[in-house]
Structure formats: structure tokens, C-alpha cells
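Read through the structure below, which is laid out as C-alpha cells, and then see the notes.
The values are calculated or read from the model by the stated rules, or taken from the named source; none is laboratory data. Just so it is clear, the structure is predicted and the values come from calculations on it, not from any experiment. Every residue, glycine as well, gets a Cβ built from its backbone with ideal geometry; the counts of neighbours run over all protein chains shown.
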Amino acid sequence: MRQQALARLRDAATRMLMSEDSGEVETSVETALRVLEIPFHACGVNRVTPDTPPSRRGSPESELQGLEIIYRIWEMQQVAYRPDVLAEDLFGEAKAHADDYGAPVRSIIDVPFSHGTLAVNSTEPHAFSAAHITDLQALADAISEGVRCGHSQE
């Protein structure tokens, strides 16, 4: 099941490049999270290119701040795990996420990949274990592989 979920995600990422639509990728991410038994409230794929700002869904108030956070995480190319944003809100994002997702988001993780970040959140504090983070990195790698494959087909 794990390998099938990763393969579907890779294929969806390849098609995302052709259509500029990340909906199929996000659906594949949700399926993979369930297969891998990673707890989550919401997830998304934030696309970044060096010469244009990242794309992100969200309320207008949180849009600029969210884009800056995504771009900074992507530039650093390191997993950014915030285990409990209500206890320690490093990026000042707790309220915006609660507004955007209609629930008090507690844990947020962004995993960079070649062209953006894989973002997952949970309403539970400390929701993601070391094993979950390893699996999330595998998902991000699958997205990168799909994007690279899509670029080679252009």
C-alpha cells in the first residue's frame, strides 16, 4: 500500500506540472497520509519558484505572512515542525491557521521539496512522531520526483 500511495503521488505531481492544478496532488497526499496512518486535519502543497511568489490558499489577511513563511522554509530546505503553535508560535501563524481551517490548529509541519513545501497540520499538539516525519519526507521526495519527471517530459 505504501509504495502504491507514493507512486500515485509521483504520477499526480508529474501531471500537476502539465495542468498547473495541484488538486490531484493534494488528494493523493491525503490518501497517502491515511495509508501511512499520519494524523492530520488538513494538508496542502505550496508551490514555489525562485522568480515568482509561492501560491497558497488562505484568507487575505494571512496570505502575505503565510507566503513569507513558506518561502523562508523552502529556501532553508529543512523540515519546519511546530509541535504546538498555541504554546509557542514561532511564526505568528496560529490565529491565521485557525481562521483558515475553521479549527484550532495545534501542530504544523512543512517539508520542503524541490519546488515548494508539503504542509500538514493537526488539531492535536505534538501530533507528528519521528516516524511520521520520515514518512512525510518520503512523500515530499515523491512529489520532487514527479516534478522532475514532468520537467523532463516538457
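Scan segment 73-85 for residues that are at pLDDT below 95 and surrounded by 13 or more Cβ atoms within 10 Å (Cβ to Cβ) and the total you get is 2. Assessment of segment 109-119 against the conditions (of a type in the set (V, I, T), closer than 20 Å to E75 by Cα, buried (at least 19 other Cβ atoms within 10 Å of the Cβ) and modelled with pLDDT under 90) yields no matching residue.
Can you tell me which residue within segment 16-30, out of those that are in contact with a helix residue (DSSP H, G or I) (Cβ under 6 Å, 6 or more places away or on another chain) and over 13 Å from G116 (Cβ atoms), is modelled with the highest pLDDT? Residue satisfying both the conditions and the ranking: S28. Of all the criteria given as (1) modelled with pLDDT of 65 or more; (2) of a type outside the set (F, W, Y); (3) surrounded by fewer than 20 Cβ atoms within 10 Å (Cβ to Cβ), the one not satisfied by I70 is (3). From the list A138, A127, the lone residue that is in contact with a Pro (Cβ under 7 Å, 6 or more places away or on another chain) and within 20 Å of E26 (Cβ to Cβ) is A127.
Applying a threshold of 9 Å to beta carbon distances and a minimum spacing of six or more residues, or different chains, the list of pairs starting in segment 86-102 at a residue that is in contact (Cβ under 8 Å) with a residue 40 or more places away in the chain and ending at one that is of a type outside the set (A, V, I, L, M, F, W, C) and not in a loop (DSSP other than H, G, I, E, B) reads D99/E61; D99/S62; D100/S62; D100/G66; Y101/N121. Every condition in (1) modelled with pLDDT of 70 or more; (2) in a helix (DSSP H, G or I); (3) surrounded by 14 or more Cβ atoms within 10 Å (Cβ to Cβ); (4) not hydrophobic (A, V, I, L, M, F, W, C) is met by R34 except one, and the failing one is (3). For segment 76-110, filtering for residues that are under 21 Å from G23 (Cα atoms) and in contact with a Phe, Trp or Tyr (Cβ under 9 Å, 6 or more places away or on another chain) leaves 3.
Among the residues of segment 120-139, those identified as aliphatic (A, V, I, L, M) and either surrounded by fewer than 23 Cβ atoms within 10 Å (Cβ to Cβ) or over 23 Å from V48 (Cβ atoms) (or both) are A127, A130, A131, I133, A138. Among the residues of segment 129-141, those that are closer than 14 Å to T117 by Cβ and not polar (S, T, N, Q) comprise I133, L136, L139, A140, D141.
Looking only at segment 90-139, which residues are assigned to a loop (DSSP other than H, G, I, E, B) and of a type in the set (K, R)? Hit for segment 90-139 is R106, nothing else.
Which of the residues belonging to segment 42-67 are out of contact with any Lys or Arg (no Cβ under 9 Å at 6 or more places or on another chain) and modelled with pLDDT of 60 or more? If the condition is that a residue be out of contact with any Lys or Arg (no Cβ under 9 Å at 6 or more places or on another chain) and modelled with pLDDT of 60 or more, then A42, C43, V45, V48, T49, P50, D51, T52, L64, Q65 are the ones that fit.
Taking residues in segment 131-154 that are within 15 Å of R8 (Cβ to Cβ), and partners anywhere that are modelled with pLDDT of 70 or more and assigned to a helix (DSSP H, G or I), the pairs with Cβ atoms closer than 7 Å and at least 6 places apart or on different chains are L139/V29; L139/A32; I143/V25.
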